[in-house]
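Chemist: For reference, the structure I am asking about is given below.
Every read-out reported here was derived from the displayed coordinates using simple, explicitly stated rules and does not represent laboratory data. This is a predicted model, so every value here is computed, not measured. Glycine gets a Cβ as well: all are built from the backbone with ideal geometry, and neighbour counts include every protein chain shown.
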Ligand code: DQA
């Protein structure tokens, strides 16, 4: 089974971006963890990052043909994007939402995510481990 792993804006800067909040791991490290975990679970991952809302929407639409599930860290678009919400709803694949940080412990504008209502589960606050846990949950779901 194939999982599309999507990362939203500014996650390309992981490792150098606000390390006191996001830690020192890079997005490459997160990708390596996802590939390793997927291998153990018998999944394949297509790992991507974009700073563009429309590009993420297009990739979500294409997932209808190319993926069995979506793991998404929508980053700042979590809190703003009706378009990503609608795209995820349209493709009707299982969605797991991940945030590195505990968004509920942070500024009030991060407490609401437009993606959560279309996800079957949400993980936040466990850093990159959240990606691993979400892949495990998706593997279970896809059995
Ligand atoms: C984030 C949390 C968002 O509020 C923020 O805009 C991000 C990253 C996280 O992984 O903790 O860019 O999604």
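Chemist: Restricting attention to the stretch 54-97, which residues are without any contact (Cβ under 8 Å) to a residue 60 or more places away in the chain, surrounded by fewer than 18 Cβ atoms within 10 Å (Cβ to Cβ) and within 14 Å of the ligand (Cβ to nearest atom)?
Modeler: Of everything in the stretch 54-97, those that are without any contact (Cβ under 8 Å) to a residue 60 or more places away in the chain, surrounded by fewer than 18 Cβ atoms within 10 Å (Cβ to Cβ) and within 14 Å of the ligand (Cβ to nearest atom) turn out to be 79, 80.
Chemist: Next up: Can you name every residue in the stretch 106-128 that is more than 12 Å from the chain's Cα centre (by Cα) and assigned to a helix (DSSP H, G or I)?
Modeler: Result: 108, 109, 110, 117, 118.
Chemist: Also, I was wondering about something else. Using the structure shown, decide if residue 30 is free of Cβ contacts under 8 Å to residues at least 40 places away in the same chain, surrounded by 20 or more Cβ atoms within 10 Å (Cβ to Cβ), within 13 Å of the ligand (Cβ to nearest atom) and within 21 Å of residue 16 (Cβ to Cβ).
Modeler: Values: free of Cβ contacts under 8 Å to residues at least 40 places away in the same chain: no; surrounded by 20 or more Cβ atoms within 10 Å (Cβ to Cβ): yes; within 13 Å of the ligand (Cβ to nearest atom): yes; within 21 Å of residue 16 (Cβ to Cβ): yes.
Against the criterion (free of Cβ contacts under 8 Å to residues at least 40 places away in the same chain, surrounded by 20 or more Cβ atoms within 10 Å (Cβ to Cβ), within 13 Å of the ligand (Cβ to nearest atom) and within 21 Å of residue 16 (Cβ to Cβ)), residue 30 does not qualify.
Chemist: Hey, another quick one. Give me the pairs, please: first residue somewhere in the stretch 99-114 and free of Cβ contacts under 8 Å to residues at least 12 places away in the same chain and farther than 20 Å from residue 133 by Cα, second residue anywhere and more than 8 Å from the ligand (Cβ to nearest atom) and not in a loop (DSSP other than H, G, I, E, B), beta-carbon distance under 6 Å, and either six or more positions apart or on two chains.
Modeler: 111/104
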